[in-house]
Amino acid sequence: MSPYILAILLFSLGLGTTITFSSTHWLLAWVGLEINTLAMLPLMAQNHHPRAVEAATKYFLIQASGAAVLLFAGVINAWLTGQWDIHQAAHPLPIAIITLALSLKLGLAPLHSWLPEVFQGLNLTTNLILATWQKLAPLALMLQIQPPHSSLLIFLGLMSTLGGGWGGLNQTQLRKILAYSSTAQLGWMILVVQFSPSLTTLAILVYVVTTSATFLTLKLNKATNINMLAISWAKAPALMALTPLVLLSLAGLPPMTGFMPKWLILQELSKQGLPATATITALTALLSLYYYLRLTYAMTLTMFPNNITSTPPWRLPSAQLTLPLAILALAAISLLPLTPAAMALVAL
Amino acid sequence: MVKFLFPTLMLHIHADLTNYRLMTLITQSSGHRLMIAMINVHLTLKMAQWLDEQHLNPYMAQTPYLPHFVLLTCWLLPLMIISSQHHMATEPINRQRTYIMLLTSLQFFLILAFSATELIMFYLMFEATLLPTLMIITRWGNQAERLNAGMYFLFYTLASSLPLLVALLLLQNTTGTLSLLTLQYSNPLNLSTYADKLWWAGCLIAFLVKMPLYGAHLWLPKAHVEAPVAGSMILAAVLLKLGGYGMMRMILLVLEPLSKELSYPFIVFALWGVVMTGLICLRQTDLKSLIAYSSVSHMGLVVGGILVQTPWGFAGALILMIAHGLTSSALFCLANTNYERIHSRNILLARGLQMVLPLMTTWWFIASLANLALPPLPNLMGELMILTSLINWSPWTLALTGAGVLITASYSLYMFLMTQRGPLPTHLIALDPSHSREHLLMALHLLPLLLLIFKPHLIWGWVS
Amino acid sequence: MLTRLPRLGLSLPRLLRNHPVRFVSQSKPSGAAGVAAVTELHPPAEKSDHGEVSPYVKNPDYHGFSDDPVVDEWNMRVGFFFGISVALVIGGAFIHYLPDHGMREWARREAERVIVQREQEGVPLLSEYYYDPNKIVVPGSGEE
């Protein structure tokens, strides 16, 4: 792909999300989402691979229908209340529809089935964009609407943590596992979005950091399934000794950064009088932990024998920049002591 | 606090930068650790004497009964390194470094866990110890089943301790603080509803699984059997005590009114576990598994002692935990010396070792007798105090505890007799003699235990 | 639970039958001749059946720390010095001569002294009042 075209696409990607961020009008928000989707599609299909084209098609259909439903809900809202303002959408019907449309775009369970399929068809860089940047615009809208009843969001959140955990259990493909992981993580954010939007912001921030570190690691090792991960300990031993910590941080095990949002979310939930929800959510995190732990086992905790064909990559230096990976991995592991600073950062 | 946290952290750098011309990395760092242990002895005693939880940082302090645990941790970690010498000798130097760093971080987290005064801080460190332990078990274990054992270990502990987190957060909502220094002055909670009982269970089950209580103990023998020697040692000696320590802290401060009724089933279960795991021990052929089940059995007594909530019960639990920490760790080391020579954990393959390793038999003898709580060893003091407080609670417990003590004696002697006495099987004649390193290791385990006979009130805590 | 009983019952006789087999040695009767015969069957230490070379072959003073004799010796010395001399001996002496913690020993001695004194005087060991009630001056209710 020509660098000019790439630049234009990436700028449009940024533009779409920024328009959504800054809009107070449902139509403009919709426009931002659509620009975002349309800029993403060529990036996805750039490899001319049947799977990539399939993924791009699926992504287009899902995002377009999600955006269409969103627009439809915006129109209903305008019809019922006479205005298009996002912050003043007060009627329960359009808000419920919008919540569902946004959860389709985000890939929240039970509307998440497209996500692993799309992830599986793309390369890791595009996946990284899909898992991080593409979540921001719908989530920003999610933060702005005031849902009339909390049970819908709690249902979506619990289903996502459950579905994300359950779906990933049986996978051997890393991209699918990370897609399910993304669903599970978004479930946590959605659970708390109505009680403390700034906590959702913190959670997505931490998620972006940890998942970027994971994707960059996989990209460095060119690993897309567990077997390839299993032989990558010889390529980058130090990195592979560190990656379990990153993965377990993604899982939210305590001494790592990933525990910070989970802890604060559980605190918020129990403060809101939902200890049962908090307990169930915490326990569903164990489902996700299982597959992270399995990756950890394959990667570092067992020594898989290396065959001859996997030895040349030891000698070849990677063309990938390692500084971002180093910074992100460090941030993903060791930021838990900075919890108060992080809370101040998102103004809790 | 910083006086031993900082040297512990320095050990990370030490392991990374050290130049190992004359001394192996292992010995250097164990020497370093012993110095930390010494600083710690000095410091904890000083603190226990003059500070008593007052002039300390509000997040970390040492309570009167807690120097014991920090001391046990700091004492055992150098021993773990010495014991791993043979295990690590063939590994490349970078992996040795990684290993020592894991042990160091484990020590760091354990010290923080034992000295945390904030319950959330305690919880965080309680969980943080899981990760290095998991790595030690699954990365440096020997058999393929270690992966399964690691899963069991992690998931049992996490599934029981996540409700604890929610319970702690609820407590914070009610009282506004989780600092143990403040909690003791807050109003007693009004716990009456069904949900409060669930909350009580949520607070304790994490520790009961960690102890482990009979019924939730399945992870422990697996983890012990598959872990390398250092993993078994730290697991038996310190990590189980983390559960007991947590129970002592929680039960006195916040769970007070409810525990009287609700602890009945748990006490009964714990004592039943003493008998049952003892019986399991009697028919074990796997040496490490036998010692692991014996740990479960002893911890059952500790749970009983803590849950009756009398000063004698607490003191007995504390004494038994310290003494058992040293004893079981010593037994695991001994099992490992057998394993390094015979390459099997099976008792039937390693019989009659007195003929070839006579001095080792002495250590086996002392360790077995300590395990069966021979007078005047500290193990007996602990068991007697727990037994007394249990009888005071209900005379019927004597049936279970009496049987438990009898069975403990039987399997300890069974272990000793099977491994040491009798004729030597022919395949064992060409064994290596025991090394000075192993004698040092055993001496550093068992001499403190024997010395405690002369000054038992060091570990008596409440009563003395 | 009940379904297990017959299993236990079945296994009991088997256990009893097996025990003698397990405890009785299967090897030849001991004695100089027997041992010699067995030793001939097994090659000496350096060719044990696991393919390991005993470190004692190379270094008869092996202490278990390192293959290099000098390093081994030094490690042993350092280990024993810090472990036994410093930690146990000096540490033990330090603990032994520590001052009385929380005045516990003093309290015990004092209690024993008071008991002996009271027994000699014939007064009950514990008096009802910790302070003499006559000496306590209660402030009058009128001064407020």
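Can you give the average number of partner chain beta-carbon atoms within 10 Å of each beta-carbon in peptide B:435-442, as a whole number?
Numbers: counts 8, 12, 10, 2, 3, 9, 3, 0.
Per residue, the number of nearby Cβ atoms from other chains is 6 on average.
Using Cα-Cα distances under 8 Å and only pairs 6 or more residues apart, what relative contact order does segment B:76-227 have, in percent?
Values: 124 pairs, mean separation 40.6, N = 152.
Result for segment B:76-227 is 27 percent.
Give, rounded to the nearest 20 debye, the magnitude of the charge dipole that segment B:89-237 has about its Cα centre when Lys and Arg contribute +1 at Cβ and Asp and Glu contribute -1 at Cβ. Don't skip to the end; give the middle numbers.
Numbers: 7 positive and 6 negative charges, 45 e Å.
With Lys and Arg at +1 and Asp and Glu at -1, about 220 debye.
Can you give the percent of C-alpha pairs in the protein assembly as shown whose distance is more than 48 Å?
Values: 153644 of 456490 pairs.
Counting every Cα pair in the protein assembly as shown, those more than 48 Å apart make up 34 percent.
Can you give the calculated 222 nm mean residue ellipticity of the protein assembly as shown, where each DSSP H run of n ≥ 4 adds -39,500 (n - 2.57) and the sum is split over every residue, rounded to the nearest 500 deg cm²/dmol? Could you put the intermediate results ahead of the total?
Numbers: 43 runs with 659 residues, N = 956.
Only helices count here, giving -22500 deg cm²/dmol.
Label points 7 Å out from Cα along the Cβ direction at A:GLN272 and A:SER150: separation in nm?
Result for the modelled spin labels: 0.5 nm.
Any chance you could list P(r) for segment B:298-396, counting all Cα-Cα pairs in 5 angstrom bins from zero, rounded to whole %?
3, 14, 20, 18, 13, 11, 9, 7, 4, 1
Would you work out which of B:ALA223, B:ALA113, A:ILE76 lies farthest towards the positive end of the dipole of the protein assembly as shown, given +1 charges on the beta-carbon of Lys and Arg and -1 on that of Asp and Glu, about the Cα centre?
B:ALA223
Could you list log10 I(q)/I(0) for segment B:2-463 at q = 0.06, 0.08, 0.09, 0.10 Å⁻¹, which the Debye formula gives when each Cα is one point scatterer?
-0.24, -0.43, -0.55, -0.68
Largest first, please: the extent of the C-alpha atoms of segment B:159-295 along each principal axis, to the nearest Å.
Here the spans come out as 52, 29, 22 Å, largest first.
For B:GLU118, which sequence-distant residues (separation of 5 or more, or a different chain) have an amide H within less than 5 Å of its own amide H, given hydrogens modelled in the peptide plane?
Placed amide hydrogens put B:LEU180 under 5 Å from B:GLU118.
Which whole-Hz ³J(HN,Hα) couplings does segment C:70-82 yield from phi under the Karplus relation 6.51 cos²θ - 1.76 cosθ + 1.60, θ = phi - 60°, glycine and proline marked x?
Each residue of segment C:70-82 in turn: 5, 4, 4, 4, 5, 4, 4, 4, 4, x, 5, 4, 6 Hz.
On the first, second and third principal axes, largest extent first, how far apart are the outermost C-alpha atoms of segment A:111-173 in Å?
On the principal axes, segment A:111-173 reaches 39, 25, 13 Å in Cα extent.
Show me, for segment A:12-24, the HN-Hα J-couplings you get by feeding each phi into the Karplus relation (A = 6.51, B = -1.76, C = 1.60, θ = phi - 60°), rounded to Hz, glycine and proline as x.
After applying 6.51 cos²θ - 1.76 cosθ + 1.60, I find 5, 4, x, 4, x, 5, 5, 4, 5, 4, 9, 8, 10 Hz.
Extending each Cα 7 Å along its Cβ direction at C:HIS96 and A:ASP85, get the distance between those two points in nm, one decimal.
That separation, rounded to one decimal, is 8.4 nm.
What translational D, rounded to a whole number of µm²/s, comes out for segment A:39-86 from Stokes-Einstein when the hydrodynamic radius is the Kirkwood one over Cα pairs, at 4 °C and 1.567 mPa s? Please report the intermediate quantities before stating the final value.
On the way: Rh = 12.4 Å.
So the translational diffusion coefficient is about 105 µm²/s.
Karplus couplings for segment A:64-71 from phi (6.51 cos²θ - 1.76 cosθ + 1.60, θ = phi - 60°), rounded to Hz, Gly and Pro as x?
So the Karplus estimates, Gly and Pro as x, are 5, 5, x, 5, 5, 4, 4, 4 Hz.
Once amide H atoms are placed 1.01 Å from N in the peptide plane, what residues at a sequence separation of 5 or more from A:ASN225, or on another chain, have their amide H within under 5 Å of its amide H?
Answer set, sorted by chain and number: A:LEU174.
How do B:HIS427, C:HIS63, A:HIS48 rank when sorted from fewest to most other Cβ atoms within 10 Å of their own Cβ?
Working: B:HIS427 16, C:HIS63 23, A:HIS48 7.
Taking fewest neighbouring Cβ atoms as first place, the list is A:HIS48, B:HIS427, C:HIS63.
Kirkwood Rh and Cα-based Rg: tell me the resulting Rg over Rh for segment C:68-144, rounded to two decimals.
Values: Rg = 27.8 Å, Rh = 18.6 Å.
Checking Rg against Rh, the ratio lands at 1.49.
Given H placed on each backbone N at 1.01 Å, which residues far from B:GLY352 in sequence or on other chains put an amide H within less than 5 Å of it?
For B:GLY352, whose amide H was placed from the backbone, the distant partners under 5 Å are B:GLN420, B:ARG421.
Out of the chymotrypsin sites (Phe, Trp or Tyr not before Pro) in segment B:249-308, which ones are loop residues according to DSSP with at most 12 other C-beta atoms within 10 Å?
Numbers: sites: B:PHE266, B:PHE269, B:TRP272, B:TYR293; in loops: none.
Qualifying residues, ordered by number: none.
With the cut-off at 1.5 for a/c, could you classify segment A:162-267 from its C-alpha gyration tensor as rounded, prolate or oblate?
Numbers: a/c = 2.56, a/b = 1.74, b/c = 1.48.
Cα axes put segment A:162-267 in the prolate bin.
When 1/r is averaged over all different Cα pairs and the result inverted, which Kirkwood radius in Å belongs to segment A:1-145? Working shown, then result.
Values: mean 1/r = 0.0650 Å⁻¹.
Value: 15.4 Å, from the Cα pair sum.
When the Cα centres of segment A:262-279 and segment B:126-186 are compared, how far apart do they sit, in Å?
18 Å
How large is log10 of I(q)/I(0) for chain A at q = 0.10, 0.12 Å⁻¹ when the intensity is taken from the Debye formula with one equal scatterer per alpha-carbon?
Once normalised to I(0) and log-transformed, intensities are -0.59, -0.85.
Mean separation of Cα pairs under 8 Å and 6+ residues apart, divided by the residue count of chain A: what relative contact order is that in percent? The partial results should precede the final answer.
Numbers: 518 pairs, mean separation 53.0, N = 348.
Once normalised by length, the contact order is 15 percent.
Is the C-alpha gyration tensor of segment A:148-211 telling us rounded, prolate or oblate? Criteria: a/c under 1.5 is rounded; beyond that, a/b larger than b/c is prolate, otherwise oblate. Show your work: numbers first, answer last.
Details: a/c = 4.43, a/b = 1.48, b/c = 3.00.
Oblate, because a/c is 1.5 or more while a/b does not exceed b/c.
Throughout, read-outs are computed from the coordinates displayed, never taken from laboratory work. The structure displayed is predicted, hence computed values, not measured ones. Note that each Cβ is placed from the backbone with ideal geometry, even for glycine, and that neighbours are counted across all protein chains shown.
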